[in-house]
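Here is the structure we will look at.
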Amino acid sequence: MASSDEDPRKLIDELLQLGQWSKASAMLADLWHQQPVLANAAYIISRYERMSSELSMTPYRLALLRSFTVEPLVPLMRAAAFASGINLAVQVGDFNVYVQEILKPHSNLYKFEPDAVIFAIQARDLLPDLWYRFADLSREEVEKAIERTRKDFSEWIETFRYYSKAHLIIHGLEMPLRASAGILDAQGELSQAEAFHRVNEGMRTVARKYQGVYILDYDALIALHGRLRWHDEAKWLTVRLPVAADCLIHLTNEWLRFLLPVTGKVCKALVTDLDNTLWGGIIGEDGMSGIQIGPEHPGAAYQALQRAMLDLYQRGIILAVCSKNNPSDAMEALENHPGMLLRPHHFAALRVNWNDKAQNLREIASELNIGIDAVAFLDDSPVEREWVRSQLPVAVIDLPQDPMGYAGALRDSPFFERLTLSDEDRERGRYYAQERQRSELRGGAASLEDFYRSLQMEVVVASVTPQTLTRVAQLTQKTNQFNLTTRRYTEQQIAEMAARADWRVYSLRARDRFGDNGLVGVAIARFDRDFCEIGSFLMSCRVVGRTVETAFLSHIAAEALHRGARHLRGWYLPTKKNDVVKDFYKSHGFKLIEEREKGSLWELDLSNGWAGTPEWISCRIEEAITP
């Protein structure tokens with residue numbers, strides 16, 4: 001093995017020769033994160049492709065519809081995707097023929113069968129009159145252009161959704177670098193900037209009517225990195241590439257922020273260090289009065305980081321602590337320091353000890369019942385970050401040396417992006433706080449059945465509704481452990497199944513004496529004469545182990561009997577993460593009737609009756625309209 005001071009490419013190639021795929025993959029990802037440039041992209045892609053069959057990567061097909069040159073972005077995007085565990089195939093549509101691609105049913109776009117489509121159009125291409133000739137136009141002509149564009153987008157999106165179930169990500173329109181009328185533009189009733197703002201608002205209004213259609217705020221992205229820096233007029237005029245070379249990576253990263261949530265490559269939990277991360281200083285040495293946290297410098301940097309973490313908490317990200325510290329000192333700061341925005345109730349798990357942080361992270365993931373690859377780690381120490389990165393497949397967030405950049409580094413991380421937000425997401429922190437109370441109750445119960453009865457559980461089974469559609473689709477996309485088939489569905493696909501008479505899409509809500517757990521279960525079943533086949537059955541891990549899953553299955557069996565079915569069937573398709581449910585059907589009386597390489601088919605003879613819902617669970621059925 002080469003020494004650590006050599007070119008990382010040599011180390012990676014040596015690892016590949018030795019067949020150490022995981023280590024090579026981790027080093028490739030680190031190389032990309034440290035140097036995300038075109039010069040590295042080709043190398044990273046070639047090495048990932050060499051070992052793609054050895055890694056568990058998510059295959060994904062992305063189509064680009066464009067009005068400008070995007071070819072230099074493709075290797076950047078593929079390298080970034082590989083580093084995030086996505087094997088990305090990219091199709092680039094012909095230059096400036098996006099309308100034809102969308103409207104023609106047999107276009108190359110639809111033949112490609114993409115999973116997602118990015119609609120990258122420039123304002124000057126879509127609305128050249130508003131861009132170049134705004135000063136020549138009357139207000140009536142401007143209004144007509146705005147309305148015409150809204151109608152065009154409505155037609156394009158409707159047609160696209162008719163032919164494709166893919167996610168559609170649409171670039172909003174950017175503002176002109178300089179207004180045609182100079183400072184006078186801001187004084188009129190309808191300015192050039194306002195006209196483009198109105199077009200963007202019309203696009204957002206249309207997009208909200210459709211599932212799986214999202215707006216990328218392209219103008220905000222340009223503004224974030226600087227309009228003068230972003231634009232390269234010379235390249236635009238010569239090769240139709242309007243983006244400066246050093247800004248291509250920023251557009252790539254913005255695309256990735258959308259790609260990660262649609263592929264499920266997001267983190268569920270953020271685990272943070274304390275000393276010199278959540279506050280300045282060392283609580284065990286500096287004491288309460290000596291640590292830096294508050295609205296003024298230097299404590300303001302740490303308070304800004306806590307504000308960013310609170311925003312993630314409100315987005316449904318679970319927070320936890322992993323710190324080498326004396327527990328009493330750390331808890332005193334968390335509970336009592338006046339500058340703290342985060343308090344103990346915000347954290348679902350606490351590991352404040354002197355143990356190895358990699359081991360603590362394993363324990364936290366186990367306690368939260370999530371995969372270790374769904375954990376992100378935040379620590380000011382480069383040594384701790386490197387150690388954790390070498391030991392675990394967690395997302396390690398690199399922090400700059402200056403604490404003033406901590407909050408920005410966290411906010412720029414793509415691992416926490418969400419394209420939809422359900423009520424359950426907003427309440428996730430509270431759910432985990434309640435779970436700690438349940439654990440304490442279980443420890444004091446005389447028996448498991450006494451514990452179940454003491455919880456006073458109630459479940460509500462309903463058909464999917466327009467209000468629950470987002471959460472139902474989200475659970476199919478995110479749930480890995482208690483998921484018998486791990487089939488992923490978009491909102492559009494869920495809605496289509498729910499609309500069919502021979503299919504049912506069920507949702508399950510659960511509550512107990514400690515509070516409402518929210519919508520935690522999904523089942524999809526198909527009825528065909530004398531049998532009912534369960535195509536998907538999954539539960540949030542936060543309610544597994546309380547017999548709620550048995551109550552859910554009981555309802556499906558009861559409805560199957562009511563509809564004349566004599567047999568209830570279900571597939572178990574094994575993955576690396578769902579081993580916990582391999583005996584689910586067997587433990588509920590199902591018999592193995594078919595076994596294939598991909599999985600096993602189980603069947604229950606309903607003519608022999610069914611045990612029904614456990615006596616300690618109250619089950620209520622809600623009839624609901626389909627989406």
Integer Hz, Karplus 6.51/-1.76/1.60 couplings in order for the range 544-554, x for Gly and Pro: 5, x, 10, 6, 5, 5, 5, 4, 5, 4, 4
Can you pull the accessible area of Glu384 for me, 1.4 Å probe, Å² to the nearest 10? 30 Å²
What order do His225, His562 take when sorted by accessible area (1.4 Å probe), most exposed first? His562, His225
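How would Trp387, Trp230 line up by accessible area, probe 1.4 Å, largest first?
Working: Trp387 105, Trp230 0 Å².
The ranking, largest first, comes out as Trp387, Trp230.
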Accessible area of the chain belonging to carbon and sulfur atoms, whole % at 1.4 Å probe: 49 percent
Tell me which of Ser56, Ile249, Phe590 sits at the most positive position along the dipole axis of the chain, charges placed on C-beta atoms (Lys, Arg +1; Asp, Glu -1). Phe590
Under a 1.4 Å probe, counting only protein heavy atoms, Ser22 has an accessible area in Å², nearest 10, of 90 Å²
Round to the nearest 10 and report in Å² the accessible area of Val97, as given by a 1.4 Å probe over the protein chains' heavy atoms. 40 Å²
Ranked from the most accessible area to the least, with a 1.4 Å probe and all protein chains present, what is the order of Cys267, Cys541, Cys619? Cys619, Cys541, Cys267
Using the structure shown, list the pairs from Lys478/Lys586; Lys23/Lys324; Lys10/Lys582; Lys10/Lys357; Lys23/Lys265 with a Cα-Cα distance above 31 Å, or answer none. Lys10/Lys582
Provide the per residue accessible area, probe 1.4 Å, for the chain, rounded to a whole number of square angstrom. 44 Å²
Counting only residues 5 or more places away or on other chains, whose amide H sits under 5 Å from the amide H of Leu216 once H atoms are built in the peptide plane? Ile170, His171, Gly172
Suppose every Lys and Arg Cβ carries +1 and every Asp and Glu Cβ carries -1, with no other charges. What dipole size does the range 547-590 come out with about its Cα centre, to the nearest 20 debye? 180 debye
Could you work out the per residue convex hull volume over the alpha carbons of the chain, in cubic angstrom? 192 Å³
³J(HN,Hα) computed for each position of the range 399-411 - Karplus, 6.51 cos²θ - 1.76 cosθ + 1.60, integer Hz, glycine/proline x: 10, x, 5, 7, x, 4, x, 4, 4, x, 4, 5, 5
When the dipole is taken about the Cα centre of the chain, and only Lys, Arg (+1) and Asp, Glu (-1) are charged at their Cβ, what size is it in debye, to the nearest 20? 1580 debye
For the chain, whose charge dipole is built from +1 on Lys and Arg Cβ atoms and -1 on Asp and Glu Cβ atoms, the candidate among Pro574, Ala308, Ala558 with its Cα farthest towards the positive end is Ala558
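The values are calculated or read from the model by the stated rules, or taken from the named source; none is laboratory data. What you see is a predicted model, and the numbers here were worked out from it, not measured in a lab. Virtual Cβ from ideal backbone geometry, glycine too; neighbours counted across all protein chains shown. We work out accessible area using only protein heavy atoms, side chains counted, and drop any ligands, DNA or RNA first. Shrake-Rupley method; radii C 1.70, N 1.55, O 1.52, S 1.80 Å.
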